[in-house]
1. Within the stretch 278-292, which residues are out of contact with any Asp or Glu (no Cβ under 7 Å at 6 or more places or on another chain) and open to solvent by 50 Å² or more (accessible area, probe 1.4 Å)?
2. In the stretch 135-153, which residues are assigned to a helix (DSSP H, G or I) and touching a helix residue (DSSP H, G or I) at 6+ places or on another chain (Cβ under 6 Å)?
3. For the stretch 28-42, check the following and say yes or no: at least one residue is over 19 Å from the mean Cα position of the chain (by Cα), surrounded by 15 or more Cβ atoms within 10 Å (Cβ to Cβ) and among the β-branched types (Val, Ile, Thr).
4. Determine, yes or no, whether Val263 is outside any helix (DSSP H, G or I), at pLDDT below 90 and more than 21 Å from the chain's Cα centre (by Cα).
5. Checking the condition touching a residue at least 60 places away in the same chain (Cβ under 8 Å), open to solvent by 60 Å² or more (accessible area, probe 1.4 Å) and out of contact with any Gly (no Cβ under 9 Å at 6 or more places or on another chain), which residue from Ser105, Ser58, Ser87 passes?
6. Checking the structure you have, find out if any residue of the stretch 1-22 is open to solvent by 20 Å² or more (accessible area, probe 1.4 Å), charged (D, E, K, R) and more than 20 Å from Leu178 (Cβ to Cβ).
7. State which residue is modelled with the lowest pLDDT when the search covers only the stretch 108-149 and only residues that are among the charged types (D, E, K, R) and open to solvent by 80 Å² or more (accessible area, probe 1.4 Å).
8. Taking the residues in the stretch 43-54 that are open to solvent by less than 70 Å² (accessible area, probe 1.4 Å) and touching a helix residue (DSSP H, G or I) at 6+ places or on another chain (Cβ under 9 Å) as candidates, determine which candidate is nearest to Asp107 (Cα to Cα).
Amino acid sequence: MPKINADQLANHCHGTLLPVYIISGDEPLLVQEACDILRQNARAQGFNERELYHTDSSLDWQQLLQSANSMSLFAERKIIEVRSHNSKPNEAGKNALLEYSKNPSPDTLLLLVFPKIERATQNTKWFKAIDAIAGNVQIWPVGAKAFHRWVELRLKSEGLKATADAIGILASKVEGNLLACVQEIQKLKLLNNDGIIDGQTLANAVVDSARYDIFTLVDRATSGDARAAVRTLQGLREEGTEATIILWALAREIRALNALFFVNQQGGNFNSIARTHGIFDKRLPLVRQALGRLKAGQLRLLLRQCALADRAIKGASKQNIWSLLNDITLMLAGVRALSARSLQQQLEQ
């Protein structure tokens, strides 16, 4: 089935929808926006119910398959959305998707959301089977050269006009982070009085923005400044920042560090992989400093802690999300907040 450019997804959705869509990529904002476009158009075509699943250990793939093949209690078409933390489902997941691909339900739209799918996975039997009936939307990172243009277009889409100087300041501040860029643009919309935003206006808006910033938190933790990082986390909490956004920023950094750790070991192209993860020249010394401090086991443990925090946010774990974020922040900064035994007990809950 067709590969659909993310920019063409809205136009594609005006026609008859396919039974399955695969949206994949490592840029959370663009992945989320693509999902939003698909869901909105699906609702317009009568898919009024939505079931959401996450591929953690509690997911029953047979139950999901049964739901996908059964009619809603209210005789309505439905969207079944499956969000995967990696691009390789377990055996039960592969078998369920393989079976569903043989006879997809006309009353169900199956939306599969993955991180970037590697070529090896694309060549597997289960993926080829589901891809044959699916619309495949691959989300690519916005490269450093294209980022200024992306910022300019995003400002225009929000009805804002900005000088080249202002665009440069904004692009420099967010350093390729799309979510941060969108957040800054929303602030500018509140401050703008239908005039052209110049460099001075943007600089003033940046100074007047929130006292605590999630990217300051990440940088302080990555640099090993545990005291300042925890203080920033507390400030973010007091200002009402959502735990989901904080976890996203921390997990994004930890995934990047994990990937770069193995690139270092294997002698790969460090700078290229760094850019893939949204880490540009200004932050490279900071990241290298962290990689000199953190070990492979610590990075794996941090990933598990992030997964646990994600479950806590979704209500699947009784752990306190702010305690978990504090632990992750300290561990990233090189301070172990829990004993090995306590940490293992926490992960098992």
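1. Asp281, Pro285, Arg288, Gln289, Gly292
2. Across the stretch 135-153, the qualifying residues are Phe147, His148, Val151, Glu152.
3. No: zero hits.
4. no
5. Checking each option against the conditions leaves just Ser58.
6. Among the residues of the stretch 1-22, at least one is open to solvent by 20 Å² or more (accessible area, probe 1.4 Å), charged (D, E, K, R) and more than 20 Å from Leu178 (Cβ to Cβ), which makes the answer yes.
7. Selected residue: Lys145.
8. In this case the residue turns out to be Phe47.
The values are calculated or read from the model by the stated rules, or taken from the named source; none is laboratory data. Just so it is clear, the structure is predicted and the values come from calculations on it, not from any experiment. So basically every Cβ, Gly included, is an ideal-geometry build from the backbone, and we count neighbours across all protein chains shown. Note: accessible area is taken over every heavy atom of the protein model, side chains too, but ligands, DNA and RNA are not part of it. Shrake-Rupley method; radii C 1.70, N 1.55, O 1.52, S 1.80 Å.
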